[in-house]
Amino acid sequence: MFLTLAAGKSLSFRSFTYSLVILLFCASLSCREHLVDAPLANQTPKTALWLYPQTEIRPGVSKEQLYWWGEDPDGVVRGYLFGFRIVSLSVTSPPSPDTMRYDWTAATDTTILFPLDTLFRRFAFTVRAVDNTFGGLPEHAAVRISPFPYWDVNDNGVFDSGDMRLDGLPGAMDPAGRTLTFPVVNSPPTVSFVPNPLDPTIPQKQPDTTFTAVTFSWTASDPDGNNTLRSYRIALNDTSDPSSWFPLSLRDSLITLVVPRSRSDAAAPQPGAQVQADVYSGSFLTRRLLGQIGGLRLDAQNMLIVQVRDVAGQYSQPITMPSGTDRWFVKRPRGRLLIVNDYINSDGDLALSTYLRNLANIPPPAQFSQVDILNIGAGLSASDKNLGKAGPFTPPFVDPALIQTFLLYDYIFWYTDQFPSLATAQLSLFTYMQNGGKVLFSTTFQSGLDPRAAFKDFAPIDSISSAPFTPRPAPGDTRIPVNYRVYADSSGAGAIYPQLAFIVPNPPAPFHFVFMRPIYRRSDARYIYHLQPDTANSPPRYIGMPNIAAVDGQRTIVFVGLPLHLLDNTVYGNPLGLQAFFNRVFTQEFNPLHKVNRAKF
Ligand SMILES: [Ca+2]
Ligand SMILES: [Ca+2]
Ligand SMILES: [Ca+2]
């Protein structure tokens, strides 16, 4: 303006210099009004607003990226006020009076998540540019425009103590602003089974065969925000009847289905007979019984179906376990004893057949002619086991799935090789025994070291000898001659265990390769067996008569540090071999007063 004025008159250098002095003087005193006839009022900025990517406004997801821009004809844009409201019809301007809540920002874009609680809504988004005659506010300060402009410091929607009037705002902001109305539809939620921690690209799967206790876990999300998730529902096998769905709250995403023995034992005998399963939430100790779900098929394949629902009432696509070519077969428990096969050595078939024959031969009542078997060693190599890996028949959620599975039985007989699945045992056996279960555990020890103190968590021992096998004689050994006797301990009161002895292998060999290490009992426990002295070697390879088996003071677990199937010698042991030992353990040793509560499990 000043330069235009100067250029319009033909001034001498002297008068120009004079004028410049005046100009500088006036500028320093802000005396523009003395040079022009009328003051020019500040001009307000203009605002533009658009969607990105630049598409038609259409029903879409409830998450939108918005951009805006402002231009001021006589200054610069200081910042923006933006806000949105729910409307019933499309609008192009703010309400009058403007009762909206605005956010102050210096940014020119935002991603908004519309709060969705219906399937369809309209949101009107308004932006107003504010020019540099306004001093600005902290980012995201809440601003109200009516009844007068103020900074709503406590963001409660009324002008009260601590809030600040913004009298300069009306003259600085775009009076119209820009408003866009978005028709927004709800996005459906999604649900998925929790990933396998060893391979997050696949879900945590069930074993393809389980008994009547099985755990599932899933997780859900919603593009509208996970805080818009509302609930889950599950069903078994068939959803054609809407009443087959079992509703679950959002916190119930680890669910265990359990059929108590009283219920499965009473079910019709044919394969496919349907029973109700109890629905538990959470781990075993924190479990809550939520109710019963119908339609679990015994001795048949089953499928679990899960959906999540959002606050708008929309359900996700259902997910199923199993899916694809996988299967989930539910076996009806039949015996009172569950054999846990954790044994992968090459004589595994001999071991299992020895156990089944001797259990079946226990005299009437024939409690153990029918037993169930869980093969947790299947599919594992020795190095897998040494690394603590779990096999495909170990349920992914040992707590609570395996604990609940064990509680379907009065007795567990767990036999294992030199690499016992200690993590699995540690997470399941103690709780099982606390709830009335009884355990016979047979293992050897490749190493006497138990870094996780796993054995101590469930076995009646304080430690295992970790001394090296050389020089000899050593506390333990890696081989035991055939026909060596395992003597019952006669130092304590109570019935003496039947004598056992190592068998002669087929084909014959002079000794068995086993890792024999003495055990040291827990203070409440008593030893029940020790190995005979090493008379075949001179000097002996191992020291004295190592203690190799103990029972705890509560008589809930018998622990044997040798592979029992090698002790079925009816000549040097006792005439009934292992059968006499099983009979002693299962029908006499275990405390009859402490038992699994069949009303619950
Ligand atoms: Ca301006
Ligand atoms: Ca306030
Ligand atoms: Ca949604």
- Taking the alpha-carbon centre of each part, the distance from segment 193-242 to segment 307-354 in Å is 14
- Message: At a threshold of 8 angstrom on Cα-Cα distance, excluding pairs fewer than six apart, so keeping six or more, what relative contact order does the chain reach in percent?
- Response: 10
- Query: From the square roots a ≥ b ≥ c of the eigenvalues of the alpha-carbon gyration tensor of segment 449-506, which class results: rounded (a/c under 1.5), prolate (a/b over b/c), or oblate?
  - Reply: oblate
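Over all distinct Cα pairs, what is the inverse of the mean 1/r for segment 381-425, reported as the Kirkwood hydrodynamic radius in Å? List each step's numbers first, then the result.
Working: mean 1/r = 0.0871 Å⁻¹.
Radius from the Kirkwood sum: 11.5 Å.
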- Message: Between segment 369-422 and segment 485-558, what is the separation of their alpha carbon centroids in Å?
- Response: 25
- Among Phe123, Tyr67, Leu166, the residue whose Cα sits farthest towards the positive end of the charge dipole of segment 46-185 (+1 at Cβ of Lys and Arg, -1 at Cβ of Asp and Glu, taken about the Cα centre) is Phe123
- Gain in span if fully extended, Asp74 to Ala378, counting 0.36 nm per residue against the direct Cα distance: 101.4 nm
- Note on the structure: Karplus-derived 3J(HN,Hα) from phi for segment 386-400 (6.51 cos²θ - 1.76 cosθ + 1.60, θ = phi - 60°), whole Hz, x at Gly and Pro, runs 4, 7, x, 6, 9, x, x, 9, 7, x, x, 10, 3, 9, x
- If you find the alpha carbon centre of segment 251-282 and of segment 149-185, how far apart are they in angstrom? 58
- Query: What's the exposure ranking of Ser192, Ser428, Ser243, going from fewest to most Cβ atoms within 10 Å?
  - Reply: Ser243, Ser192, Ser428
- Message: Full-extension gain between Ser466 and Thr587, please, as 0.36 nm times their residue separation minus the C-alpha to C-alpha distance.
- Response: 40.2 nm
- Query: Residue by residue, what Karplus-based ³J(HN,Hα) values in Hz, rounded to whole numbers, does segment 571-585 have, using 6.51, -1.76 and 1.60 with θ = phi - 60° and x for Gly and Pro?
  - Reply: 9, 8, x, 9, x, 9, x, 5, 4, 5, 5, 4, 4, 5, 5
- Helical mean residue ellipticity (222 nm; -39500 (n - 2.57) per DSSP H run of 4+; nearest 500) of the chain: -3500 deg cm²/dmol
- Query: Counting only the backbone N, which residues of segment 381-407 are under 17 Å from the spot 7 Å out from the Cα of Asp208 toward its beta-carbon?
  - Reply: 391-396
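By counting other Cβ atoms within 10 Å of each Cβ, how are Met173, Met164, Met321 ranked from fewest to most?
So the ranking, lowest neighbour count to highest, is Met164, Met321, Met173.
I need the shape label for segment 92-203. Rule: rounded when a/c is under 1.5, else prolate if a/b > b/c, else oblate, with a, b, c from the alpha carbon gyration tensor.
Prolate.
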- Message: In Å and on Cα atoms, what radius of gyration and Dmax does the chain show?
- Response: 39.8, 137
- In terms of the charge dipole of the chain, which places +1 on Lys and Arg and -1 on Asp and Glu at the beta carbon, the residue among Leu440, Ser381, Ser221 farthest towards the positive end is Leu440
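Treat the count of other C-beta atoms within 10 Å as a stand-in for reagent exposure and order Arg165, Arg336 from fewest to most.
On the way: Arg165 11, Arg336 17.
Least crowded to most crowded, the residues run Arg165, Arg336.
Read the figures in this text as sums done on the coordinates, not as results from a lab. This structure is a prediction, so every number in the text was calculated from the model and none was measured. Glycine gets a Cβ as well: all are built from the backbone with ideal geometry, and neighbour counts include every protein chain shown.
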